[in-house]
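Inspection log for the structure reproduced underneath, given as structure tokens.
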Amino acid sequence: MRRSTGPALITMILLVALFGCEPEEQEAPRPTIINSDRVVITAFISSASEPEQATLELLHRIQADHPERIILRIHDITDCTHGVTQWGPDELETVTIAFNDNITVSWGEGDDRRTICFRHPPGFAWTNDDLHEAIQAALRGELRPAEPEEAEGLRMIDPRVRGQSIRVGDAGDEVGQLIVNDQPVINITESEDCTAPGRRVAAAASVLEEALEQPFTPSQLSVRRLDGAAALMAGEEILLMATRADARAEDTGPFALAQSWHGSLRSALITAAATSNGGNALNNSQDPDGTGLDDSHDPGDNDLDDNHDSGDKD
């Protein structure tokens, strides 16, 4: 006599048939290690830039040491005629270095793990030492594309900028100062169209802060001639006009003065980013307010508030 199948067993069989066994949650595989036998390094870099000359020399030197394993492809972006769509606009205007088409790469394990995005000029988010380490890791078979969450979380510290008005001399003449991370970068003493120096730098700080909220590099700073004056630009926005009065006060011409401002501001932004993170890329867990500053250093008295109060004394 055949034994009947119990109701509980029948129910279990039906449930398994309908829904199947619950699959075990599996970890996503780590990105594939970059082939150490054929490391293709593609560098979009400006031959006209002195800091980038050292990067070019480093790349050529290492390639000469490993000619069978490193394929080096250099594109000069001085004239902005080269570019690739997978990394952004057709015309690249900033330094970009890719390892087998990967800009953001990782190497090392545990506390020694490094993740760096090799875009922007050296010294801004990475150094030539970082580049050398990454190439050596690739040759050892330890370099891999950054994991998606690492690449997403990678960012550079945004320098803190503000306008400041101070009084100097016995007459209390006003000087407007554009400040980057508590360091005066640009000083102006002249008004423009009845706008006092303090208000001029406050407006410049506001424009720069807005630019820094978007992906921005010092290469986007430029100087343009405008109606007998010269404009210091952040992308397509005017930061500060170098007027004839400004130029006379500095015993130079408007364009030369704007170029001087450009050099000072560009250097300050690169230095601020490099010194605040040691020249390496950061992730969002470090420096939560994104300034790289100890806020106790803020002198306060001379700060311009969001309404761009120049701080003029009554």
Condition first: outside any loop (DSSP other than H, G, I, E, B) and either surrounded by 13 or more Cβ atoms within 10 Å (Cβ to Cβ) or modelled with pLDDT of 90 or more (or both). Can you find one or more residues in the stretch 18-39 that meet it? yes
Counting only residues in the stretch 175-190 that are among the hydrophobic types (A, V, I, L, M, F, W, C) and without any contact (Cβ under 8 Å) to a residue 40 or more places away in the chain, the one nearest to residue 163 (Cα to Cα) is identified as 179
Any residue that is aliphatic (A, V, I, L, M), at pLDDT below 65 and either crowded, with 19+ Cβ neighbours inside 10 Å or part of a helix (DSSP H, G or I) (or both) - is there at least one of those in the stretch 278-301? yes
Scan of the stretch 154-203 for residues that are crowded, with 18+ Cβ neighbours inside 10 Å, more than 25 Å from residue 270 (Cα to Cα) and among the small types (Gly, Ala, Ser), ordered by number: 196
Residue 208 vs. criteria closer than 20 Å to residue 177 by Cβ and in a strand (DSSP E or B): no
Do you know which of the residues in the stretch 41-72 that are part of a strand (DSSP E or B) and within 15 Å of residue 100 (Cα to Cα) is modelled with the lowest pLDDT? 44
Residues that are within 29 Å of residue 45 (Cβ to Cβ), of a type in the set (Gly, Ala, Ser) and assigned to a strand (DSSP E or B): does the stretch 174-181 have at least one? no
Being in a helix (DSSP H, G or I) and either modelled with pLDDT of 80 or more or out of contact with any strand residue (DSSP E or B) (no Cβ under 8 Å at 6 or more places or on another chain) (or both) is the requirement here; does residue 13 meet it? yes
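Residue by residue, here is whether (1) touching a Ser or Thr at 6+ places or on another chain (Cβ under 7 Å); (2) over 25 Å from residue 212 (Cβ atoms); (3) surrounded by fewer than 20 Cβ atoms within 10 Å (Cβ to Cβ); (4) small (Gly, Ala, Ser) holds:
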residue	(1), (2), (3), (4)
100	no, yes, yes, no
108	no, yes, yes, yes
113	yes, yes, yes, no
120	yes, no, no, no
127	no, no, yes, no
133	no, yes, yes, no
138	yes, yes, no, yes
141	yes, yes, yes, yes
How many residues are surrounded by 20 or more Cβ atoms within 10 Å (Cβ to Cβ) and outside any helix (DSSP H, G or I) if we restrict to the stretch 242-263? 2
In the stretch 235-248, which residues are in contact with a helix residue (DSSP H, G or I) (Cβ under 9 Å, 6 or more places away or on another chain) and modelled with pLDDT of 90 or more? 237, 238, 239, 240, 241, 242, 243, 244, 246, 247
Flagged pairs (Cβ under 7 angstrom, 6 or more apart or on separate chains; first in the stretch 134-154, assigned by TED's automatic domain parsing to the domain that holds residue 105 and modelled with pLDDT of 60 or more; second in a loop (DSSP other than H, G, I, E, B) and crowded, with 18+ Cβ neighbours inside 10 Å) are 134/143; 137/143; 138/34; 143/34; 144/34
Looking at residue 171 and the list (1) part of a helix (DSSP H, G or I); (2) modelled with pLDDT under 90; (3) more than 16 Å from the chain's Cα centre (by Cα), which single condition is not satisfied? (1)
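The values are calculated or read from the model by the stated rules, or taken from the named source; none is laboratory data. Given the structure is predicted, the values throughout are model-derived calculations rather than measurements. In this analysis, Cβ positions are derived from the backbone assuming ideal geometry, glycine residues included, and neighbour counts consider all displayed protein chains.
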